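Participant: One structure follows; several queries about it will come next.
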Amino acid sequence: MKLFCWVLNLCALHVAISKQDETGFTYDHGAIIRGEQGRKELALVFTGDEFADGGAHIRNVLAQQKVKASFFLTGNFYRTPAFRKVIEKLLADGHYLGAHSDRHLLYCAWEKRDSLLVTREQFEADLAANYREMAKWGIAKTQAPYFLPPFEWYNEAVSAWTAAWGLMLVNYTPGTRSHADYTYPEMQSRYISSARIFESIVNYEANRPDGLNGFILLSHLGVDSRRTDKFYFKLETLIQTLRARGYEFKRIDTLLARSTQR
C-alpha cells in the first residue's frame, strides 16, 4: 500500500507539468488527462484489479441514472470467476471496458519517474496478456483504444510504447481527491473520507472557471475491506449534483473522440 500513497503526494506535480495542444486536450507525460474544457462533459472512470465489492452497486446506479461510464480492468480482474457477473452486466449495459495492464505492474519509480522498473518487452507482454483476456469477452483492441496505466503512474517512455502499440494512454484529471477512495483509516494522515472526497469534487467544480469540463474523474470499482466508508455509495448523489449543474456524462471514447477527428 505504500505504492498507492505516493499518488496523493504527487498530484501537484501532475498539474505543474501538464499542457494543452491544439485540440484543446490536456496532456501529461504524453497521456491525455483532460478533454475539451469548453464543454460541460466529463467521463466517470473506474479501475479494477483485485477488488470488485462496488461493482453491483455502481452498475445499478449507472443504469438507474442512465449514465454510460468507463471501466479499465486488469487481466487479473477479467480472469477472476467471482467477477464474471459484474463484467457481463457492464458489457450488456454498453459501458466502455478497457485495459489496465495484466498483472498491475508498477512501470516506473515513485521517487524518480524517469527510472523504469520494466523493460519494453515486459510492458508489451503484459499489455498483450491484458488484451487477450479482453478478447475472451469479445472486446477487440479496436473497440478499446484507450489504455489507463496501473497505479495511474507512467512516464514518457510508457506513453511512447503505448502509442507504438496503436493505443492512446489516458489518466485521471488532477485536482480532486476522487482517486483517494482506496485509502483506509490505518493509513492515518493519508486517509481521505468519502465526505472529503465528495467535497473536493464539488468545490473544485464551483471554484474553477472551467469547472469539471472535460474531466476524467477516476475512482475504484472496489477497495480494501479495511475501508468501510465506501465512496461508491455517494455515486448517485454525485451524478445528480453534477447533472443539476449542467454536466453530461460520457464514455471516455466519446469524450475524447474529437481528438481523432481534427
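Participant: So which residues in the stretch 109-136 are within 20 Å of the chain's Cα centre (by Cα), of a type outside the set (D, E, K, R) and within 24 Å of Pro81 (Cβ to Cβ)?
Facilitator: Hits for the stretch 109-136 are Leu127, Ala128, Ala129, Asn130, Tyr131, Met134.
Participant: Within the stretch 133-146, is there a residue that is in contact with a Cys (Cβ under 8 Å, 6 or more places away or on another chain) and within 23 Å of Gly35 (Cβ to Cβ)?
Facilitator: no
Participant: Another question, if that's okay. Return the total of residues in the stretch 68-89 being surrounded by 15 or more Cβ atoms within 10 Å (Cβ to Cβ) and over 16 Å from the mean Cα position of the chain (by Cα).
Facilitator: 7
Participant: Sticking with this one: Quickly run through the stretch 179-191 and pick out the residues that are assigned to a loop (DSSP other than H, G, I, E, B) and within 23 Å of Leu148 (Cα to Cα).
Facilitator: Thr183
Participant: OK, next. How many residues are surrounded by fewer than 17 Cβ atoms within 10 Å (Cβ to Cβ) and of a type in the set (A, V, I, L, M, F, W, C) when one looks only at the stretch 131-164?
Facilitator: Looking only at that region, the number is 6.
Participant: Every residue in the stretch 159-202 that is out of contact with any strand residue (DSSP E or B) (no Cβ under 6 Å at 6 or more places or on another chain) and under 30 Å from Thr119 (Cα atoms), please.
Facilitator: Ala160, Trp161, Ala163, Ala164, Trp165, Gly166, Pro174, Ala180, Thr183
Participant: Only one of these conditions is not met by Asp229: (1) in contact with a helix residue (DSSP H, G or I) (Cβ under 9 Å, 6 or more places away or on another chain); (2) assigned to a helix (DSSP H, G or I). Which number is it?
Facilitator: (2)
Participant: Of all residues being free of Cβ contacts under 8 Å to residues at least 12 places away in the same chain and not in a loop (DSSP other than H, G, I, E, B) in the stretch 196-222, which is surrounded by the fewest Cβ atoms within 10 Å (Cβ to Cβ)? Just the residue, please. Give the steps one after another, and end with the answer.
Facilitator: We begin by selecting, within the stretch 196-222, every residue free of Cβ contacts under 8 Å to residues at least 12 places away in the same chain; these are 199, 203, 206-207, 209.
Then keep just the ones that are not in a loop (DSSP other than H, G, I, E, B); that gives 199, 203, 206-207.
Numbers: Glu199: 13, Asn203: 11, Ala206: 10, Asn207: 8.
Result: Asn207.
Participant: Provide a single number: the residues in the stretch 203-260 that are in contact with a strand residue (DSSP E or B) (Cβ under 8 Å, 6 or more places away or on another chain), under 16 Å from Thr176 (Cβ atoms) and hydroxyl-bearing (Ser, Thr, Tyr).
Facilitator: Count: 4.
Participant: Does Ser225 satisfy being out of contact with any Cys (no Cβ under 7 Å at 6 or more places or on another chain), in contact (Cβ under 8 Å) with a residue 12 or more places away in the chain and under 20 Å from Ile33 (Cβ atoms)?
Facilitator: So Ser225 does not fit the description; no.
Participant: Select from the stretch 237-258 the residues that are closer than 27 Å to Asp49 by Cβ and either more than 18 Å from the chain's Cα centre (by Cα) or part of a loop (DSSP other than H, G, I, E, B) (or both) and list them in ascending order.
Facilitator: Across the stretch 237-258, the qualifying residues are Thr237, Leu242, Lys250, Arg251, Leu256.
FYI, it's all coordinate maths here, none of it is from the lab. Every value quoted in this text rests on a predicted model; they were computed, and no experiment measured them. Every residue, glycine among them, receives a Cβ derived from its backbone with ideal geometry; neighbour counts consider all protein chains shown.
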